[in-house]
Amino acid sequence: MKQRILTGDRPTGPLHIGHYVGSLRNRVRLQHEYETYILIADVQALTDNFEHPQKVRDNVLEVALDYLAVGLEPEHATFVIQSMIPEIAELTVFYLNLVTVSHLNQNPTVKSEIQQKGYGSAIPAGFFVYPVSQAADITAFGAHLVPVGDDQLPMIEQTAEIVRRFNRLYAPVLVEPKALLSEVSRLPGLDGKAKMSKSLGNAIFLSDPADVVAQKVRGMYTDPNHLRVEDPGQVEGNPVFAYLDAFDPDKERVQGLKDHYRRGGLGDVKVKRHLLEVLEATLGPIRERRAEFARNMDFVEHTVQQGTARGREVAAATMAAVRAAMRLDYFAQPVLPPAVRDEG
Ligand code: ATP
Ligand code: MG
């Protein structure tokens, strides 16, 4: 039997090139090797967008389009809408007993998001506990592997802790997952900020038209002290070079550009022109495929609907095992394989 992958995205906006190098690229690569489930995490999106349900709704199919555009194949990768899997909510409630508030308080990703969002002391409880609901996502699908960016490592660790606690307390029914990081586990934003993010307005989207990408690249943050072409420039913390590292297949060429930039004599305009070419080599075909699928939204919708139905079956099987382990299997028939049941 194939091992499983579960990963996903919040439908808070279209997917960007950070998703691509951080997670999507790995998903596409592994979809034939693993039974792959991809969660469109609308429930999690609502934890910090509960006042904007239409925004979340509108982005569900956009994200599905992005999946198809990058080359995820619905026969191999199952797209699932999170809110249509009530088992995830159920698991979340049970898992909340297995974590402490003080431990949740230490989650570095949630901490920095709370700061970013300016919640102060008014943190929505649903947002605060979203790492627990992520544990429910992952375990509902019995995932062994979770391809994510490094901001998600605390979530996978939290999940593993819940799994160990659950299995020890009740019965060993949950799978302990591992994170799979790509070599670029965090792409910085156009503004040079540590992380490109849908919510920070510093992203190149997979769905951006070519002229928009060009404009964004031209406006990118670089080394602010690199004023004249002759000046030596700084490569570290310079997102232009971070993107080249992530997208230019010719590593030697990138090294050459870095050396030249450090020495001085290489202008930002020139490096950016090269970056644009490199980006377009990846984004061009994605954009074309996206436009093709966008002409057939019925297919996209059907794909998500079918995937969600399949996902529900998997989550229901996990739920049955969890209920039995927790002595909550009231009135349940003994869980036997169908063949045995038929004979009886
Ligand atoms: P939001 O701002 O709404 O949180 P996001 O841009 O952070 O959106 P998510 O949907 O939260 O995107 O993340 C989906 C997946 O993409 C996660 O595995 C995350 O680690 C990965 N990811 C997101 N941004 C980046 C990035 N800049 N570099 C690498 N991976 C990323
Ligand atoms: Mg995020």
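Every number here is computed from the coordinates shown, using simple stated rules; none is lab data. Just so we're clear, the structure is a prediction, and the values are computed from it rather than from any experiment. So basically every Cβ, Gly included, is an ideal-geometry build from the backbone, and we count neighbours across all protein chains shown.
General observations
- In order along segment 214-225, the phi-based Karplus estimate (6.51 cos²θ - 1.76 cosθ + 1.60, θ = phi - 60°) of 3J(HN,Hα) comes to 4, 5, 5, 5, 4, x, 5, 5, 10, 6, x, 8 Hz; Gly and Pro are listed as x.
- Phi to ³J(HN,Hα) by Karplus 6.51 cos²θ - 1.76 cosθ + 1.60 over segment 170-178, Hz, x for Gly, Pro: 10, 6, x, 10, 9, 8, 7, x, 10
- Descending by average beta-carbon neighbour count within 10 Å, the peptides 89-98, 126-135 line up as 126-135, 89-98, the highest first.
- With coordinates expressed along the principal axes, the C-alpha atoms belonging to the chain extend over 82, 46, 38 Å, beginning with the largest.
- Anisotropy class of segment 204-344 from Cα gyration tensor, a/c 1.5 cut: prolate
- In Hz, Karplus ³J(HN,Hα) per residue of segment 228-242 (6.51, -1.76, 1.60; θ = phi - 60°; x = Gly, Pro): 10, 3, 6, 5, x, x, 9, 8, 5, x, 9, x, 4, 6, 4
- Since only V269, T92, S112 are under comparison, the one whose Cα sits farthest along the positive direction of the charge dipole of the chain, derived from C-beta charges on Lys, Arg, Asp and Glu, is S112.
- Total formal charge among the other residues, if their Cβ is under 10 angstrom from that of A320, Lys/Arg +1 and Asp/Glu -1: -1
- Shape metrics for segment 54-112, restricted to C-alpha atoms - Rg then Dmax, Å: 16.2, 42
- Across segment 133-273, the fraction of Cα-Cα pairs farther apart than 21 Å, rounded to a whole number, is 56%.
- When the trypsin sites (Lys or Arg not before Pro) in segment 1-54 are filtered for DSSP coil states and for at most 15 other beta-carbon atoms within 10 Å of their beta-carbon, the remaining sites are K2.
- Only the Cβ atoms of Lys and Arg (+1) and of Asp and Glu (-1) were treated as charged; on that basis the dipole of segment 168-211 about its Cα centre amounts to roughly 320 debye.
- Angle between the chain longest axis and helix 53-70 axis [Cα atoms, degrees, rounded to 10]: 70
- With K and R counted +1 and D and E -1, the other residues having a Cβ less than 14 Å from that of H16 yield a net charge of +3.
- Alpha-carbon centroid distance for the pair segment 50-80 / segment 202-222, whole angstrom: 22
- Test item: Cα-centred dipole of the chain, Lys/Arg +1 and Asp/Glu -1 on Cβ, debye: 500
- Summing +1 for each Lys or Arg and -1 for each Asp or Glu among the other residues whose beta-carbon sits under 12 angstrom from that of G256 gives +1.
- For the chain, with +1 on Lys and Arg beta carbons and -1 on Asp and Glu, the positive-most of Q158, V278, V56 along the dipole: Q158
- Nearest 10 degrees, 0 to 90: helix 251-263 Cα axis against the chain principal axis: 50
- Sequence-separation-based contact order of the chain, relative, with Cα cut under 8 Å and 6+ spacing, percent: 22
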